[in-house]
């Protein structure tokens, strides 16, 4: 008896790669309970959209090993991300889109609202935007007479423990925006938000420069992984 032969013109369906079945199951688990996925599996899903042709679990685990957590991965610099074998421009851009989306979601409630009466919302936004950054960053929040946010700008980016901020440039930008008040925010990559002596001296210099043109410095907030510090609450303003 001869073995059955496939009918002419009828090809066997190609087998689905193992990683595609795994990705589909992972996607279903995410839809059912997104909070239940560990960091590396969340990264798997993101990387799967950027690199659909390969199994992204090893790459996700490599990123967690290199940077520490999901938050640390998406806040890492693009060039640092690309030092991990397998991460190229498309994957790096996909990860950075997530960070920008998180920042915009956190900022939305602050726009067109009095930041003084929405202080905790403002702090949440600042922590989302800055507390896992690998280097120091200075952000200036410009307010109108009603303490409504009119501009949110990164003024300077520095090193792991220092960011230069020039009082004259702060005043110049505040005047250009017709701001009545400013809130200064910067991060400490070390995690400890306690202001340094340099932070205190620089803040006083900025406050004096702003006072000279009739603009108020409402607060200077330092954010870090261990919390935040308010110059106003600490009696430093």
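The values are calculated or read from the model by the stated rules, or taken from the named source; none is laboratory data. Model, not experiment: these values are computed from the prediction. FYI the Cβ positions are ideal-geometry reconstructions off the backbone, even for glycines, and counts take in every protein chain you see.
Would you confirm whether any residue within the stretch 157-166 is surrounded by 15 or more Cβ atoms within 10 Å (Cβ to Cβ) and more than 24 Å from residue 69 (Cα to Cα)?
Yes - at least one qualifying residue is present in the stretch 157-166.
State yes or no: is residue 217 part of a helix (DSSP H, G or I), modelled with pLDDT of 95 or more and in the same structural domain as residue 127 (by TED's automatic domain parsing)?
no
Which of (1) within 16 Å of the chain's Cα centre (by Cα); (2) free of Cβ contacts under 8 Å to residues at least 24 places away in the same chain; (3) surrounded by fewer than 17 Cβ atoms within 10 Å (Cβ to Cβ) does residue 191 not meet, given it meets every other one?
(2)
For the stretch 191-199, state whether one or more residues are farther than 30 Å from residue 81 by Cβ and either in a helix (DSSP H, G or I) or assigned by TED's automatic domain parsing to the domain that holds residue 75 (or both).
Within the stretch 191-199 (the criterion being farther than 30 Å from residue 81 by Cβ and either in a helix (DSSP H, G or I) or assigned by TED's automatic domain parsing to the domain that holds residue 75 (or both)), the answer is yes, since at least one residue qualifies.
Only one residue in 230, 180 is surrounded by fewer than 20 Cβ atoms within 10 Å (Cβ to Cβ), under 21 Å from residue 125 (Cβ atoms) and over 25 Å from the mean Cα position of the chain (by Cα), so which one is that?
Being surrounded by fewer than 20 Cβ atoms within 10 Å (Cβ to Cβ), under 21 Å from residue 125 (Cβ atoms) and over 25 Å from the mean Cα position of the chain (by Cα) holds for just one of 230, 180, which is 180.
Which numbered condition in (1) in contact with a strand residue (DSSP E or B) (Cβ under 9 Å, 6 or more places away or on another chain); (2) at pLDDT 90 or above; (3) not in a strand (DSSP E or B) is the only one that residue 164 fails?
Among (1) in contact with a strand residue (DSSP E or B) (Cβ under 9 Å, 6 or more places away or on another chain); (2) at pLDDT 90 or above; (3) not in a strand (DSSP E or B), residue 164 violates only (2).
From the list 207, 232, which one is without any contact (Cβ under 8 Å) to a residue 60 or more places away in the chain, touching a strand residue (DSSP E or B) at 6+ places or on another chain (Cβ under 6 Å) and assigned to a helix (DSSP H, G or I)?
Step by step, each of 207, 232 is checked, and only 207 is without any contact (Cβ under 8 Å) to a residue 60 or more places away in the chain, touching a strand residue (DSSP E or B) at 6+ places or on another chain (Cβ under 6 Å) and assigned to a helix (DSSP H, G or I).
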